[in-house]
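Asker: Here it is: the structure, laid out below.
The values are calculated or read from the model by the stated rules, or taken from the named source; none is laboratory data. Just so we're clear, the structure is a prediction, and the values are computed from it rather than from any experiment. Here the Cβ positions follow ideal geometry from the backbone for every residue, glycine too, while neighbour counts run over all protein chains shown.
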Amino acid sequence: MTSITSAQDRPVAALRTRGDNRARGGAPNHLISAGATPSETTAGTPQRNDPAGHARTVTLRIRRQDHPRSLPYWEQFRVRVSSGENVVSMLRKLRLDPVTSDGRRVGPVAFEHNCMEEVCGACAMLIDGRPRPSCSTLLSELGDLIQLEPLPKFPVVRDLMVDRARLFENLKRVRAWVRLDGAYDTHERAPRMSQKQWAADYLFSRCINCGVCAAACPQFPDGAGALEPQADGFVGPAALAQVRLLNAHPLGGYDKPDRLHAIMAEGGLSDCGNAQNCVRVCPKQIPLTSAIGELGRQTTVQVVKDLFGG
Ligand code: SF4
Ligand code: FES
């Protein structure tokens, strides 16, 4: 289940209590519940701005939008943070006391998060111009001026929340599933997978559908202005990587021709411009360009098979 922050999600009295705790110098409660204590999250990471892990005040510039049909606007905040915090933790802190740098009390900034460990993909946004999950972006990696924007290419629901349904529609377009309808034996007589193949395929199974690769891809259509998520144009790197994964699966191989035909159609493989942005930004280090290259070979074989009825 996805956690969504909004103006309605916490009583005013509770906000005051938590704010008071922080004013007294105590640890903010939400940091404990977020599971992102400084000692856990700074391990092994570069400490660029405050090597000792001391608290500092950052200026937060957030692109806000009240609802899908309204115009975006910018608001600036000052937030006291420590290096061990991540961007989600900072936003949760801001939610407790949403006062702009010029002293206006405003509605809490809406954003999405759930797992806090780069598994659900819900928290992706544009951080200092780069698409990335906000739960795994530590403040120690960022400067004293931090700019947050909703993930581009996707319709804004509110503030930093976007509708990523296009990603899932694209998975449907390429038939990114394995049929488990009883037509094939999935037990004793199921096809086997070698350890070597499992290791190779595992790389592609780590996709969290965060949409970061789509946001960075110049070929992925810009649907930010759409009121309803639309699945058209280039299906994007994530969907192609799932085709690579499922075509190699012992059961998924049964539908391999259908998937290949899907990506040979409009909006498929040939729409990739080889910019390679996707593989640079993917937080799970999925070898997306290798998947696309491999699918190029598979579609070539499929064309020959189609020609000769193979
Ligand atoms: S391929 Fe990587 S960047 Fe793209 S949706 Fe999956 S995890 Fe996110
Ligand atoms: S909160 Fe789940 S990926 Fe960031």
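Asker: From the list Phe220, Phe168, Phe154, which one is within 22 Å of Leu126 (Cβ to Cβ) and exposed (fewer than 15 other Cβ atoms within 10 Å of the Cβ)?
Answerer: Answer to the selection: Phe168.
Asker: Continuing with this model, one more query. Can you tell me which residues in the range 99-112 are away from ligand 1 (no atom under 16 Å from the Cβ) and buried (at least 17 other Cβ atoms within 10 Å of the Cβ)?
Answerer: The answer is Pro108, Val109, Ala110, Phe111.
Asker: When residues of the range 112-135 are filtered for being in a loop (DSSP other than H, G, I, E, B) and either more than 10 Å from ligand 2 (Cβ to nearest atom) or of a type in the set (Val, Ile, Thr) (or both), how many remain?
Answerer: Pass one, the range 112-135, residues in a loop (DSSP other than H, G, I, E, B): 114-123, 128-129, 134-135.
Add one more test, that the residue is either more than 10 Å from ligand 2 (Cβ to nearest atom) or of a type in the set (Val, Ile, Thr) (or both), and what stays is 119, 128-129.
Final tally of qualifying residues: 3.
Asker: Something else now. With respect to Gly253, determine if the residue is under 16 Å from Pro218 (Cβ atoms), at pLDDT below 95 and in the same structural domain as Ile286 (by TED's automatic domain parsing).
Answerer: no
Asker: Could I ask something else about it? Condition check: modelled with pLDDT of 95 or more and not basic (Lys, Arg). Does Gly182 satisfy that? Please lay out each step first, then the result.
Answerer: Values: modelled with pLDDT of 95 or more: no; not basic (Lys, Arg): yes.
Here the answer is no, as Gly182 does not meet what is asked.
Asker: Sticking with this structure for a sec: Take the residues in the range 142-179 that are among the β-branched types (Val, Ile, Thr) and touching a helix residue (DSSP H, G or I) at 6+ places or on another chain (Cβ under 7 Å), then tell me which one is nearest to Val87 (Cα to Cα).
Answerer: Among those residues, the one meeting the criterion is Val174.
Asker: Another one. Quick check on the range 233-240. Is at least one of its residues surrounded by fewer than 22 Cβ atoms within 10 Å (Cβ to Cβ) and either of a type outside the set (Phe, Trp, Tyr) or assigned by TED's automatic domain parsing to the domain that holds Pro283 (or both)?
Answerer: Checked the range 233-240: at least one residue is surrounded by fewer than 22 Cβ atoms within 10 Å (Cβ to Cβ) and either of a type outside the set (Phe, Trp, Tyr) or assigned by TED's automatic domain parsing to the domain that holds Pro283 (or both).
Asker: If you don't mind, another one. Quick one: Ser136 ticks every box in (1) over 18 Å from the mean Cα position of the chain (by Cα); (2) outside the structural domain of Val281 (by TED's automatic domain parsing) bar one, so which box is it?
Answerer: With (1) over 18 Å from the mean Cα position of the chain (by Cα); (2) outside the structural domain of Val281 (by TED's automatic domain parsing) applied to Ser136, the lone miss is (1).
Asker: Spot the failing condition for Gly143; the list is (1) more than 12 Å from the chain's Cα centre (by Cα); (2) over 15 Å from Thr57 (Cα atoms); (3) assigned to a loop (DSSP other than H, G, I, E, B), and only one is missed.
Answerer: Looking at each condition in turn, Gly143 falls short on (2).
Asker: Are there helices (runs of 4 or more DSSP H) fully within the range 245-310 with at least 1 residues that are under 19 Å from the mean Cα position of the chain (by Cα)? List them.
Answerer: Numbers: elements: 256-264, 277-281, 288-308.
Passing ranges, in order: 277-281, 288-308.
Asker: Let me ask something additional. So which of Asp222, Asp201 ends up being of a type in the set (Asp, Glu) and away from ligand 1 (no atom under 16 Å from the Cβ)?
Answerer: Asp222
Asker: Moving on. Return the pairs, sorted by first residue and then second, in which the second residue is assigned to a helix (DSSP H, G or I), the first residue lies in the range 285-310 and is of a type in the set (Lys, Arg), the beta carbons are less than 8 Å apart, and the residues are 6+ apart or on different chains.
Answerer: Matching pairs, first to second residue: Lys305/Pro257.
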